[in-house]
Structures are given as C-alpha cells and as structure tokens.
1. How long, wide and thick is chain C, going by the Cα atoms along their three principal axes, in whole angstroms, largest first?
2. Calculate the mean, over all residues of peptide A:164-171, of how many other protein chain Cβ atoms lie within 10 angstrom of the residue's Cβ.
3. Using a 10 Å cut-off around each Cβ of peptide B:68-81, what is the average number of partner chain Cβ atoms that fall inside?
4. Defining a contact as two alpha carbons under 8 Å apart and six or more residues distant in sequence, what relative contact order in percent does chain C show?
5. How tilted is helix C:42-52 with respect to the longest principal axis of chain C? Cα atoms for both, answer in degrees (0 to 90, nearest 10).
6. If you rank A:Glu223, C:Glu171 by fewest surrounding Cβ atoms within 10 Å, what's the result?
7. Under a cut-off of 19 Å between alpha-carbon atoms, report the lysines in cross-link reach of B:Lys239, not counting same-chain residues fewer than 8 places apart.
8. Is the range B:218-358 rounded, prolate or oblate when judged by the Cα gyration tensor, a ≥ b ≥ c being the square roots of its eigenvalues, rounded requiring a/c under 1.5 and prolate requiring a/b larger than b/c?
Amino acid sequence: MLGLFAALWCRPLPRSGPGEGGGSAARFIGVAGEMTCAVARGSGRGPGRPVGSEWAMATVAELLTVPRLAGAVEPLIPVALDRRVESVAVLEDLHALGTSPPDSLVIVAETASREAVGYRLDVLLRQASARDVAALALVREPLPRLHRTAAELAQRGNLALLRITPGIGLADTVIAIQQELTGGVGRLLDRARACLALIDEAERLRLGPPALVERVAEALGAEVRLGPPPAGRGWLSAPVLVDGEPGPWISTPGDGTDADTVRRLLLHRLASAAERLESARQRAADVPVQTRAELLTELLIREPHASRDLVHRARQLGIPIDGWHAVVRLELENLAELRPGDEMGAFNLAQLAIRVAMESARGTGGTWNRAGTGSTILLVRSWQAEAGSELQAEVARAAELVIGRVRARIPRLSIRCGVGGIHVGSTGLRTSALEARAAIAAALTAGRRNVAVRFDSAGLRRVLLQWYALDDARDSVARLLEPLDRLGERRSREAIRTLRAYLDAHLSLSRAAEMLGLHRNTVAYRIQRIFELLEVDPDDPEQCLMLQLACRAREL
Amino acid sequence: MTLGEPDLEALARGCAIFGGGGGGDPTLGYVMAREAIRRGGPVPVVDLDELPDDGLVLPVAMVGAPTVIEEKIPNGSEGGRIQAVYERHFGRPVVAFAVAELGGIEGMLPVAWAAHAGLPLADCDLMGRAFPEIHMCTPNLHGLPIGPVVVTDERGNVATFTSIDAAWAERLVRPTCAAMGSCASLAIYPMTAAQARAAAVRGSVTRAIRVGRLLEAGAGDPVAVLEAEVGAVRLIEGKVADVERWTTQGFARGNAVIEGFGHDAGRLLRLEFQNENLVALLDGEPVASVPDVITVLDHHGAGAVVSERLRYGQRVTVIAFPCHPAWRTAPGLRLVGPRAWGYDLDYTPVERIHAARA
Amino acid sequence: MPRALDLRLGIDVGGTNTDAVVLDRQDRVLATSKVSTTPDVTSGIASAIAGAVGREAVPAHRITHVMLGTTHATNAILEQRDLQRVAVVRIGGPATHAIPPLATWPDHLRRAVSAGEVIVQGGLEFDGRELAPFAPDQLARFLESLEPPVDAVAVTGVFAPVSDRHEREAEEVVHRVLGEVPVSLSAEIGSVGLLERENATVLNAVLTRVARRFAEALERSLAASGIDAVTYFTQNDGTLMALDYVLSHPVLTIGSGPANSMRGAAHLTGLDDAVVADIGGTSTDVGALSNGFPRQSAIPVEVCGVRTNFRMPDILSIPLGGGTRIHPTPDGLRLGPDSVGYRLRREACAFGGGTPTLTDAAVFVGRADLGVHPNGTWPRGVPWERAMERADEMLAEAIDRVKMSGHPVPLVMVGGGSIIAPDRIPGVSEIVRPPHFEVANAIGAAIAQVSGQVERVYHLGTRSREAALEEVCRMAADEAVRAGADPQSVQIVDVEELTIAYLTGPALRIRARAAGALGSL
C-alpha cells in the first residue's frame, strides 16, 4: 500500500487548462519506509464556479458533493462543514498526526481508524484541533452514536468529522479530492459524466423535471434553473418543448471558457430528457383512474375475508380506503330500450354516462372514485376524517346533480339512485354499498325514479312493517334470535337491547356503553357471549344488517 | 491504636476514598466488622515494627460478584479456618491479619476476621488502593510468592493452591470461586512481619481512619482535606452529564462524562472505568491515570461514589492523588499501568501533570 | 356482586392532613375535602369522607371503589403501636452467620417486635442450585422453643428472588408447628440484597395486625357513611393493591404518600413524563415521573432506622420553602435552612411580622401578589433580589438533579409555597400549576392503577435472554391481576435488566413491572 502511494505521488499532477494560473505540486514527507503521510496541494483557478470565490480551495461541504465520493463519505456531525480545505493527507499511524499541515483534510486509514475509538478519538481530535486541521475522516462502518466528548471537541476545534465507507479505494478517493481542490476542466468533465448517468437513471425512475434539475445541480456543483431564461449575461440556456410548444428553459451560468461547450451539451441533453419525462407523466396521470375503479369494484364484489390484499393495494393506489365512505348507486334502467338491438351502442351510452357522472361528481368537490360494471355505476365519496351524518345530505345533493347532468346529456335515460350512509373502512364501504342498494329497493316500491333516495331508517320503517307482516319474515327473525330467547325472557330482552345498541353504534363499544349506561368491559363481555350464542360473524355486514333488522322487528 | 465500633465509620469512609471508584459498597463489611467487634471485642491495629520478625502476617480478602456477596453473607468462621490451614502449613502461629486491598468492603472485612480470631490487624495493605485482581499487589513486585493461596467458603470447603506465579493463582482461584457460588474468602501473600515491612504498603489502616475522620460530614471542604492528606489534585467540579456501561468478560466497564460548572464551566471530563476509575481526560487530554487513584466525590456529603452508582445529574468533584511509589516503577507499571488495561497512554504521575498545567 | 365502576373515592392520610376526593368515570373531580389528621386516624377519615360525600352530586350509594393511601404503617412502627411479635427465620446456613438477623435494627424496636431469631440451614446460590439442603427439623425445633405469643413469622431465604422453594417449604413447617399464623415470605416483598430484604420482610410480618385493624376500622367508617364499595390501598410506587393483598403485604403501603402526590399532580396536568415539585412552607420535595410512574430510588431507603430496599419514589428534599428565612451575612446572604413554617402569616414581613422570608422576596421582586407592598416596616439591608436568585438556583439545581437526562422536561408545581417559584427555569420546557393541587395526594390515590412487580435473577445457561424476559413479564402481569387489575388492560410498564459482574457464566437480573386499570374483580 505504501509503495503504491509512493508511485502516485511521484508523477506530476494533471495540468490545468489554458487561461488558468498556477500549477500544482506534490510533496513527500519523510522517507520511504517511514512514510506515513502524503500531501497533495492544489492551486489555481478552476472553471465551473461562480465568479468571485476562491478557486484553489474547496469547503468540506463542497468536497462531499464530488460524484465519486457520493454515498461513500458523510459527515458524522454537522460541524465545520463550511471550513476550507487546502490539502488532503492520509494517516496510517495515530501518533503521526503531529506532522499534518493546517487546513488539511486528514483521512485516517482503515487500520488506524479501528483504533480511533473511545478516548483515543478524543485525543486524536484534540491533537488535530491543535494543528488546526480542517477535517478528519475515519474509515469505518456507521457509528450508532458519537460520544459526547468527541462531538464537543470537534465543535470547539471547528473540525469537521467525516466517515468514509470501508472498501472503497482509498487511492481513488484521494485523487478525486485532489482533483476537486485543483479545479480544471477535468473536474467539470467528471461531474458532467455523473450528471449524464443521473439523467439516464431519472428517466428510468420517472422523476419529474423539477426533481431531475435539482439533482443535476447538486451533482454539477453549480446552479441550474428551470423556468424562464434568466436575463443578464453569462447564462447558457436550452428550451424544453412540451407537445411541440415552447415551455420552460433550463439554464446554468457560463464563464466564457471552453468549459461552456461541455455545459451546453449537458443542457441540451437535460432539456430533451425533461421533455420525455413530462409527456410520460401526463400519460401516467390518466391510468390511475382506471385502475382505481377496477380495484374498488373488485373490493365490493369479493368476500370480506378474501379482500385483505385488495385493501392493501387500494392504499398503495392512493385510495383513502381507511377513511369514511358514502356510496351512491346509479342503476341505468332502460339502456336496451334506448338502443334497441345495438349492444355496442348501449355500451357506449353507458360509458358516456359514467364519464359524465364522474365529472359532475368531482365538480362538487371532495374525493370521488368510481366502481361498478355495466349499467350499474357506483360513485364513492370518501373523507379522511370522521364525517358526520349530516354530510349524507350533501352527498344526496351531489347525487341529484349527477342525475341531472347525466339526463341532460342522455335524455329519456331512466335512472334509479340510492345513497348509502357514511361508514368507515373497507367494511364500511361495503355497508354503504349495501345500504345504497337497499335504498333503491325501497325506492322501487314507492315507484321513485330519477331522484336520489337516501337510506335512512325512518324511511324504511314502513318497509320494515310490511316485511315483518309476512310470516316468512317472522320465522326468520325468530330463528335468528332463538339462541338468545333460550336464555329466558328478561335476559333475552337485555341481550337484544345490548346488541341493538352495539349495532346502532356502528360496533363501537364505548358508545354502546354510554348509550346503555354500562361499563365498557360489561358490554364487551356481553357482546362476545351474544355473538358466540348466535353463531353470527360480526365482520359480515349483511349478517349484521339482518341482526339490526331483527332487533328492531322485535321492538315493533 | 485500638479499632472499636466508633472508628469503623471513619475507616469505611477512608476506604471509599482509597477505593478509587471500586472496592464495592463498604456497608456490608462495616456491619460484619461491627458484629464481630461486638462479639470479640475491639481490634488492636499494630505497626509491622511491633510484630516479631518471623511472625506470620495473613492478608485476607473476599472474591466474587458483589451482587452475590450482598445475598450470601459470609459465615464468620472463614478467617479462623484460613488461619488454621496456614499455621499447619508453616508450623508457626499467625500473629496478625492484614488488609489485602484497601477499598470498600475489602478494607473492612479483615477487621471482622481479626475480631473473630482475637488477633490484631497489621497497619498495612498490599495495594495502597483497590485493584480488581489478586496478583496486583506490591509483594508481587518484590518477587514474593503469592501462595500458598487458601480459599474457603461458608460451608467449610478449603482449597489450597500453590501456583508457579501470581497470574496463575488468579486463573486458578476464579473457577473455584465460581464453583463455591461466586463468593469466597481467601488469603494471599502470607508473609513474615520482616518480609511485610519491605514489601507491603505501610500505615494504610491508620491513614484511612485519619482521612475518614477528617472527612466527617459537614466538616469543611473535603478536597482541601484530601489535598493536605494525600496530595490530591482537583480535576473538575461539575455535573455528571452521561454514563455508559457495558459488561465484557465479567467486568463492568464504562465511561462517564462530567460537565464542569463554576470555575470549570465549559470543560468536559471523560472518566474511563472498569469498576475502578482508570483514566481521566479533560477536553481530550489525559490528566490522570491508573495506578494513581482517581476518586469521584459526591457534593452532597455522601463521600466517594463507586462507579456503579454514578448517575446523571449528580454533582461531583473528581480528584486524583498519587499512588504508592512501588507502582510507578517499571515492573509496577507493567502490572497496573495504563497499558496493562488496554489504554494506549504513557503514564505520567498526576502531580507532574498538574505542575505543568498550573 | 361486582359492580361496574361509577364514582371513585380517593383518600390520603398524611402526617398533617387527611384529604378526600370523589372522581367520576371520566376522572372529573366532583368533590374535595381536607381535614386534619386525627391521632386515631379513622375519625379523620370519617370526617374527610363526610366532607366530600353525601351532597347531591355525590350520593354515597354511587361510590363503587375506594382507594386509600396512608402513613399508618410508618406511624405504627414509629410509635410502636399494635405491632406483632414476630419469629424471624433466615434460611441461609451455613452462610450469613457473620451478620445475624436484625443486627442492624435499633435496639428498642428489635426488642419490641422479635420473638426470636434463627438462621436455619438452606438457601440457594445465584443460579438456583442449593447452597445447602433445607433443614425443616431445625426450623421446627426453633419454632417449638419460642415463648408464646408468636403472632407472625418472617421467612427470608438466601437468593429467594431466584426461586422461593425453600421459603415455601419453610412456610409449611410454620403452619405445621404454629398453626395458621401469617407468614411473610421475602420473595414477595423485596429484591436481591439479603439484609434489606430481610428487614422489609420482618417489617411486613410486624404490621399484619395493624393492617387488619386498620382495614376493619376503614370498613366500619365506610359502612357508617353508607358506602358499599371495593376497597384498595395504594403502594409506595403509586399503584393499588386490593384489600386481601394489603392484609398480607402491609409493608408495601409505606411511603405511598409521596407517590400519590406525584401521580395526582401529573394526572391533573395530563403529563406522563415530568418533574414534580411540591413547594411547602419549609421544604421542597422534587421527584421525577417517567411513563406516569414516579422514578424509584436507587439507594436503599431507611424506615424508622431500618434499612430496606423498598421501591420508594426518589424524592429529593431541599430546605427551600415559602417560609425559608433570609439571613444577610457580611459577604452576602444565607438562605435558611430554618424557616418560619406555619407561623408565616404572623412573622413574615409581608404580614407585618418583620422576619425576612422568601415569600417576602417574592413580593419584593413582584413575583407574588399578596396585596401588600414593601414599606417602612420591612427591614433594611436585605438583599431581596439576590435571595430570590439564590432560591431560583437551588430550585433549578434540584430539578436538574432529579431529571433523567439533559432534555428539557415539563415541571408540575404544587404546594402552597409555589408562589416563590419563577416563571421560567433552565432545563424546564413549561411550568404547569394544576387546579386542585391541594388534594393531589387523594387524587393520586383515586386514579391509581393496579400493578405487579417481579424481580428475578436468571442464570442464562439453558434459557435465552428473551425467554427469561418473557417469563418475568408474564409473572409481573399475573401479579398485577392477583392484586386486582383487569387482565385485559394489563400492560408491561417497565423492564429493567442488569448484568451481574464478575460471574463466569452469564447471569441477568430482570425487574419487570406491569400495571392495569381496575378490574371489576
């Protein structure tokens, strides 16, 4: 390892481009065999930097942005990152720090870094501060926590403390840093190469143009803007075309040297990448709507216990499945009549209705998704936070609007519409869908068309009475509640009262307890027993709905 | 002098100072000593010069886990049993017990055994402070054999070891101690009074008692007392800001950070310990190290704080004072200098460091 | 017939005052009352109850649970009232003879409570092996030799926290020889540390009659007030034990006052992690709350001259209070430690008394508004501002000592002397002064959870650390349920692991605490 270093530092360093003053120099310290420290010093102006700064040095922060170091070097604490670095050196023996020059970045080789822990790190930091070293880099795996005393010493000495991942070539690292310090076209080319790699990756990752520009600016170590071309001299710009129309420009400062050629090439490559990314983004925006509708439909069709993965996918697609939902169900009754014998025509009519319905619904504000197939449209309105039942009226109004708009586009279309209640989660989604369907059934008996009918218990009471009047219905209720009736009249009544409160409270134990004036634990215990006795699955909304009806029927 | 019940408290307090962060909680030893004195009478403390040249002096100690010692308190007959073995072996009477390790519980136990046996306590010890391993004793530096080492437990088991050197004795004793339940009593470096005069640290017991008496609660500035009595220097006065602890190979290691206040505001002291305090670094610079004694004093009158009782928020003053000169020799440093503990530091006597900084 | 939780009555019997509060299910304070503690304790309780219960909003029949915190046990020991005669049994021979049982006790106390002491062969090593076989005959002979009356027996085995099997065997022998006397087993009382645990166990046995009589008196008071409720007592860590648990573990009620006050203060503010400062007339008590529970003291706590390893709150007491006197000295000033105490309203300058106190300093610097201003009757030459600064420093330092780390924490301030405290303190993120702070103790009792704490030493030979942890946590949860917690609400609140140094095999000392809401038994 030592021999390699000796060879490296014997060669003169790359010369800087024309128009730049100064040269670079290398020095040995010590003799071969005892050499513990090698130094590279950079000087002279380098291109690619904003006018007015010092060329020959870089700050610690700037060094961290060197492409070859990206991901391999990180600061251990946010201290002294603006400290200027003049030279870089490698330390093989912890005791040899005494020869390090001021304002240097001292890289502690891996073996020595392993010893630089605990109190030894403290001693090293103190000695480094005394020598006015700018930064100390340790080659080691990430630390869980930096000791208080070490952090304090680094802070006091205005000494940056860095970590280099083990395994990367130390020689390459030193060269990269040294190049940064010297400046020159070489540095810019290096960075430009990294930018091109970034652009390729960005297209693969489908980044948006602003994100891409930001990353390129970071990798280049210079300002890159996306927007109207800046006024003032010295700026290089390239246009981004969107659908053949001129859009924003990508610009970066130039300095009038050969390096500007490199910059211009980079800008044009960047601009065409931005164009491609933008059109890809626009296309992609359309797809999710389709995918979401399909997913919601499937969720509503499938058995509850088989839907877990769908719920997960729903979350990934950005559907707020865990929030509160109300379902508006629209059944298009007479499509076949409007397009007799023309299945294709009927289908297209349905598609038109769906599009208009969605647009109208979205126009009323809020989060809407759609589901359903064929001539049944389900519009799902969702809320993130708990939505009070008064919002159901709002949903009904939206539904009315939708009906109006669809019928305006497709006259003589007959629509049955039911609006479900507001419920939470994927189970709630199903419940609301069921309620919407039930509302339609109720509407049918009343012969109501082309209006939005809300599911509410008052409206259903009549239906309940009619239904319960039937012998079959009475038998069903009796059979369902028989296990509770076996407990005896008083206890059965208590149980049914408890069960009704629980179901009415949307399965909330605390609210049921409040309603009943009981302790929450008591309610939990009772409900558990009741469901055991009844052999009913509390997660199945249809069964629960049936239970709710049965409980009410008992009280009729 | 004669050591009676009233002197025990002072002895305990002094032992805690010399313990340098280790030595364990002296309370148990104190109660044992008190019980023994109540049964057997006060214990005369005699200078080695007053003992017959070839009289046998027996330094005694306990080994094992402090947690176990707190549960399984000794029987009280251990000292007598050990004494009988040595008298048989050497064909001579034991004329005095002695302290092996001056710190915490180890400084008090020999008092108990001396009282039980009706023998005096020699005014000396084998370390001048506390160290965790039995071969870290001054007679080792004089080439005296550590053995025979006699180990006994509360049941009456006795194991006698004759080892080729002190390090081997340590290696043999530990497993036996573990078999006995991680708690045993033993004697090491049996010597004649003549040998002890040259090889032991003299005057330890009376010194500890004197220091303990001077440090009686509420009696002036403890640091000033220690400066005068043992040449202590103040390293820092501050608040414990962080404590880290972990166990390796059965030893509790760790470090603490003390944030200075008052005159020491803005300074940070890093204290490294392995039961005993080993190295103190002030703002990254070593200001005291083993074998010198580093002790943490509680501001609120509780005396010395052992390392396992360090806790965030405690107000403390950290002091350091010179060890016995025997430890500063080359062989001494090889045994107990910083490098022996794995610290890559050269030993500098604490008084020299502070003269240079002043 | 167990009743669902309705109104809770919390009672705290302190050295000076007896407080009572009534809380509803939503933890709202419905009534409070404060009376002076009476010498017989129970009449004070009855008065306090009368002051809080019986009004319109607080009918006696709606009180379903009563929680009581009391210093009765401590006082009984201090005054040597009603103490039982206890046979002290230690299972540890041939070890431990160097310090016999009760060797560290004050003579008068030991004579008053000990019917005899013995060290019996037996006990364990740290890994659960036998130190020596237990000798039941030796124990039987000792018990037979004792002069009656022997009211209770305390049994302490070496390393009983690892396994209590010898202690249980000893219990059987006691029952065989002496019949049904109460037996206190050390494994249920304390943790590793023989002398301290033994002391605590003996104290426990000593207090069994006190506990029974007190419980009976309490039941009578409650019945007389028309209250039919489940009764709990608070422990020194601020949690509850059901009545039957108290009768067998009375010693755990010692020191519950400070714990109750801290938890009550915190509950009123809704903070789980905070420092609590109770600034009184003469002193300020500062403690730290972590996870809703007071931080326990790391050093052994002495009860009436007897060293124990109780789980008591770590309270730092400094001589700083509303009545602390300011003494000007040639080179500055001295604060206290003396105080005018309850004579504040007669002696302080603000009340025309002429003795400079911190309350006066607070008035002088404009911190407290008592409706008076410094005037001619106030002594000259008193460095009021410096005194206030010094007091602030003392308070800040005490808070810093009690904190667990360097992060700023909220401070809950209670106590009549809190007018002397500043509005901002370094290291404190916010200062909260809750309402009803004067009955914080009783509130702490009323809102307490039921807990169980278990400490075990594990030799990690055949068992992994995870398995050991799981077992201790499970045992702690079971303890909590045994003490009366609702099994469904029990959670592990705290787990502490300590590796044991100097052992050649790995050994772990694990302490776990579980707590849960009141169950309806």
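1. 82, 57, 47
2. Average per residue, whole number: 0.
3. 6
4. 14 percent
5. 50 degrees
6. Starting with the residue having the fewest Cβ neighbours, the order is A:Glu223, C:Glu171.
7. Candidates past the 8-residue exclusion: C:Lys403.
8. oblate
Only the coordinates and a few stated rules stand behind these numbers; no lab work does. Remember, predicted model here, so these are calculated numbers, not experimental data. All Cβ positions, even for glycine, are placed from backbone atoms using ideal geometry, and neighbour counts span all protein chains on display.
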